[in-house]
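What follows is a set of notes on a single structure, which appears directly below.
The values are calculated or read from the model by the stated rules, or taken from the named source; none is laboratory data. Predicted model only: the values in this text are computed from it and were never measured. A quick note on method: Cβ atoms are made from the backbone with ideal geometry, for glycine too, and the neighbour counts reach across all protein chains shown.
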Amino acid sequence: MVFGKALSICRNGERIRPFHFNSRTAIKILQMRGFECINTQPHQPSANDRQNEREYEGQKRLQKHYVRERNRTLTKRKKEMFKLKHGYLFCELCGLEPIQAYGKIGESCIEVHHKTPLSSLEGTRETTLDDLQCLCANCHRIEHAIIRDTKS
Ligand SMILES: [Zn+2]
Ligand SMILES: [Zn+2]
């Protein structure tokens, strides 16, 4: 109604018809008469704005499972025993051999996973090498997604 009134004033009291409410027409008429039109819609970021969006990162966050899982001695030993047994590291789920593609540095793609997630337990427990699995980073992530999924 305010909009209609303003439009009517702009058009010297002329009756305002629905077609005037085409927002472009209405805004044009108002602006021609020196009114300032402010868009009260929340600002929709353009694709370009989105490109430049930034968030703070790097703050310390508690990652319970991974922190608990990483008993470095066990992880190291699991990888060593695995290499002794099979000659090299590969993913026990998908068979990926990152060493083939990346050489020695590819070993960092193989992570050690607890078959029984530690987060499902209270406190600590004794873990044997058989409780552990060598997984590539992708399979490891999927395994944890499955664990999370079955929990919810
Ligand atoms: Zn894998
Ligand atoms: Zn894991």
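What to note about this one:
- Residue-level check: of (1) within 16 Å of ligand 1 (Cβ to nearest atom); (2) under 29 Å from the mean Cα position of the chain (by Cα), ILE105 misses just (1).
- Cβ-Cβ distances below 7 Å connect the following pairs, each with a first residue in segment 122-140 that is touching a residue at least 12 places away in the same chain (Cβ under 8 Å), a second residue that is within 11 Å of ligand 2 (Cβ to nearest atom) and assigned to a helix (DSSP H, G or I), and a separation of six or more residues or different chains: LEU135/GLU143.
- Selected residue (criterion: modelled with the lowest pLDDT) from residues of segment 107-118 that are more than 13 Å from CYS139 (Cα to Cα) and surrounded by fewer than 18 Cβ atoms within 10 Å (Cβ to Cβ): PRO117
- Hey, HIS43 in a helix (DSSP H, G or I) and at pLDDT below 75 or not: no
- In segment 121-142, residue farthest from the chain's Cα centre (by Cα) [restricted to those that are away from ligand 2 (no atom under 13 Å from the Cβ) and among the β-branched types (Val, Ile, Thr)]: THR128
- Listing of helices (runs of 4 or more DSSP H) fully contained in segment 46-94 that carry 3 or more residues being surrounded by 10 or more Cβ atoms within 10 Å (Cβ to Cβ) and at pLDDT below 75: 64-69
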